[in-house]
Ligand code: SF4
């Protein structure tokens, strides 16, 4: 979901889901045009299986762990290690960008797999179940869309009830931010690769640049940049309806 709205004061506002933002800026910027028109690609075997694997993780955690509601004091005590139940926390990333003589507001909303605080570090853990696990064997860094997703969650406010009211969003005090991207075998649910990283000035700049470009493409001030990868287009769920696809080297 990507939408443009006009605020009562005349400023524009972009609302996007984390997944559509990362799909666009991490895989293909032309997807922005499809998402803006409200086009949803059909579910595939891979996406259906991914959802089922996530549900199994939630079920396993529910059966084996008990989460006691946190008090406000515990949340605010940076020395207290805390952990929220899997897929229980919704994220809200509000930001403001200078846009001509106006302010462009942006809100990127999502749902994190796992949020915790340990030794003062705010930690986001995302679990992925790739169709083709072999592509990760020689990989030592996550894909850009995975890093973007983790960074968006790390810099968000949080809500346990999916509230759209900013006053109800809460912060988790911390002294540093870290992410874990856990790549699992979809059959056994065992980890095959675990990428870890901390938020640095470099990753902050990376995210800021992606957000600025996304905003300009959404507002129609900048044309999307084509990745020029036939392989990407052939694997894309928008392939059948996409007028920007390339399917042979002369296209
Ligand atoms: S078919 Fe190709 S150009 Fe079109 S959205 Fe998919 S990856 Fe992008």
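Structure values in brief
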| quantity | calculated |
| --- | --- |
| Extension reserve of the residue 60-residue 37 stretch, reckoned as 0.36 nm per residue once the Cα distance is removed | 4.5 nm |
| Relative contact order of the chain, pairs being alpha-carbon contacts under 8 Å that are 6 or more residues apart, as % | 20 percent |
| Spatial extent of region 1-44: Rg and Dmax, with the Cα atoms as the point set, Å | 11.8, 42 |
| Region 195-251 and region 1-54: distance between their alpha carbon centers, rounded to Å | 12 Å |
| Bridge type composition, region 58-188 - antiparallel percent by DSSP, nearest 5 | 75 percent |
| Theoretical gain in end-to-end length, residue 85 to residue 111 [0.36 nm per residue, Cα-Cα removed] | 8.2 nm |
| Distance in nm between pseudo-label sites at residue 175 and residue 162 (7 Å out along the Cβ direction from Cα) | 3.7 nm |
| Simple label model, 7 Å out from Cα along Cβ direction - residue 132 to residue 226, nm | 2.2 nm |
| Residue 46-residue 101 FRET efficiency (beta carbon distance; Förster radius 51 Å; 0.05 resolution) | 0.70 |
| Mean shadow area of region 1-97, taken as a quarter of the surface of its Cα convex hull (nm²) | 10.1 nm² |
| Length-normalised contact order of region 69-215 in % [C-alpha pairs under 8 Å, at least 6 apart] | 25 percent |
| Taking all pairs of distinct alpha-carbon atoms in region 2-241, Kirkwood radius in angstrom | 19.3 Å |
| Cα-based equivalent ellipsoid of region 113-208: semi-axis lengths in Å, sorted from largest, via gyration tensor | 26, 16, 12 |
| Contour excess over end-to-end distance, with Cα ends at residue 9 and residue 248 and 0.36 nm allotted per residue | 81.3 nm |
| Segments 169-177, 7-15, 102-110 sorted - mean Cβ within 10 Å per residue, highest first | 102-110, 169-177, 7-15 |
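Quick note: the coordinates plus some simple rules give every number you see, no bench work behind them. Fair warning: this is a prediction, and the values are worked out from it, not measured in the lab. A quick note on method: Cβ atoms are made from the backbone with ideal geometry, for glycine too, and the neighbour counts reach across all protein chains shown.
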